[in-house]
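Any read-out appearing in this document is the output of simple, stated calculations on the displayed coordinates, not a laboratory observation. Because the structure is predicted, anything quoted here is derived from the model rather than measured. Using ideal geometry, Cβ is built from the backbone for each residue, glycine included, and neighbour counts are taken over all protein chains shown.
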Amino acid sequence: MLNKIDKIEEVTVGRLKKIFDNAVPISALRKTNFEELIDRITLQLSGLVETVEFRIPQARMDLLNMIYEKGSVLSRDYRAQDIIIRAQVPLKVKERITKALKNT
């Protein structure tokens, strides 16, 4: 992010964009390029989270708690012995739960 672009000349902004090719020039004062900045942040963060579906045994409520604490639950369905849960979770959480379920 290159902030305060309203304080410098357009030519300088162009030069800075060439140097910092991944940066988004913004002006908080003029509210310039905020949407582009939000889009760029969203794109960067989307690679860190994944939508998953797990069948969690009721005996493993610790895993269900981890999903609620670290992720965002999209849906859940209670079955006789299991809970089917669909959630968005960080990749590390997905790995931990997948590994734990294999050992169950």
Considering only the other residues whose Cβ falls under 9 Å of the Cβ of Arg55, what net charge follows from Lys and Arg at +1 and Asp and Glu at -1? -1
Ranked output for segments 59-65, 12-18 by mean other Cβ atoms within 10 Å, highest leading, reads 59-65, 12-18
Low-density loop chymotrypsin sites (Phe, Trp or Tyr not before Pro), region 7-72, at most 14 other Cβ within 10 Å, DSSP non-H/G/I/E/B, are Phe20
Out of residues 5 or more away from Gly71 or on other chains, whose amide H comes under 5 Å of its own, with H placed 1.01 Å from N in the peptide plane? none
Which one of Thr42, Ile8, Thr32 is farthest out on the positive end of the charge dipole of region 5-45, using unit charges on Cβ (Lys, Arg +1; Asp, Glu -1) and the Cα centre as origin? Ile8
Please state the relative contact order of region 13-104 as a whole percent: Cα pairs under 8 Å, 6+ residues apart? 24
Which ³J(HN,Hα) values, rounded to whole Hz and listed in residue order, are derived for region 80-97 from phi using the Karplus coefficients 6.51, -1.76 and 1.60 in 6.51 cos²θ - 1.76 cosθ + 1.60 with θ = phi - 60°, glycine and proline given as x? 3, 10, 9, 10, 8, 10, 10, 7, 9, 9, x, 4, 4, 5, 4, 4, 5, 5
Would you pull out the residues with amide H under 5 Å of Leu2's amide H, same chain only if 5 or more places away, H placed 1.01 Å from N? Val24, Ile26
Count the lysine pairs in the chain that are 8 or more places apart or on different chains: how many have C-alpha atoms under 28 angstrom apart? 14
Can you give the charge dipole size of the chain about its Cα centre, rounded to the nearest 20 debye, using +1 on the beta carbon of Lys and Arg and -1 on the beta carbon of Asp and Glu? 280
Stretch gain in nm, segment Asn22-Leu48, where the contour uses 0.36 nm per residue and the Cα spacing is subtracted: 7.5 nm
